[in-house]
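Below you'll find the structure, written out as structure tokens, and then a few comments.
The values are calculated or read from the model by the stated rules, or taken from the named source; none is laboratory data. Values in this document were obtained by computation on a predicted structure and should not be read as measured data. Using ideal geometry, Cβ is built from the backbone for each residue, glycine included, and neighbour counts are taken over all protein chains shown. Just the protein is used for accessible areas: all its heavy atoms, side chains included, with ligands, DNA and RNA removed. Shrake-Rupley method; radii C 1.70, N 1.55, O 1.52, S 1.80 Å.
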Amino acid sequence: MLSATLLSVPHADSVPRAVTAGPVITPVALSAPFRANADTTQRRRKAVTYSDGYYKRVAVHKALSWAMLPLFAASYFSGDQLLEKGDGAPDWAETVHPIAATSTAVLFGANMVTGSWNLWEGRNDPNGRKRRLVHSLLFFAASGGFAYAGSIADEAEENGDKRRQHRNVAIASMSASTASWLLMLVGN
């Protein structure tokens, strides 16, 4: 059994002070070996709950994203024929290009809604946040590019410079959205 005796020793301010003779056992001393080192402690992650609608929107978003590349290919090859051959372009190119472009606009509209909704619902989830934000920014930029390409489509039918501008903006938008898609595909 440990015993401690108290001795009174004068303090600099002449106030008596209690001093112990022998080992001092304090709650801090007892708990020291059991305390976690401050360098090794981690903050507990905040739990994030997603709704059933979130998972349904993710499924729709992913399914639509797989249709994106075939639509891009159809738009590119039919548009290339229209650019190269002008009025002598094959009938299939004149038929396929507006259908593929309109389908791309519909796909991007649906993915914009599902993606934005899920981005908002997952705003408190720190896991993969940077990747989701970069994906969203690239996708928004590509959407803006497609909207611009569509807005000059009528002029592109009559003007060669506008036609090349239409193609270049569409290719840049296809590239940005493909990079955005690959970011999410590889990241998951």
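General observations
- Scanning region 158-188 for residues that are within 29 Å of the chain's Cα centre (by Cα), in a helix (DSSP H, G or I) and not aliphatic (A, V, I, L, M) yields H166, R167, N168, S173, S175, S177, T178, S180, W181, G187.
- For region 76-94, a residue qualifies if it is among the polar types (S, T, N, Q) and either modelled with pLDDT of 95 or more or open to solvent by less than 40 Å² (accessible area, probe 1.4 Å) (or both), and exactly one does: S78.
- Condition check for S65: open to solvent by less than 40 Å² (accessible area, probe 1.4 Å), small (G, A, S), in contact (Cβ under 8 Å) with a residue 12 or more places away in the chain and closer than 16 Å to R167 by Cβ: no
- Test: S151 is more than 23 Å from S51 (Cβ to Cβ), surrounded by 18 or more Cβ atoms within 10 Å (Cβ to Cβ) and among the hydroxyl-bearing types (S, T, Y): no
- Restricting attention to region 41-62, the residues that are over 21 Å from F139 (Cα atoms) and either open to solvent by less than 100 Å² (accessible area, probe 1.4 Å) or among the aromatic types (F, W, Y) (or both) total 6.
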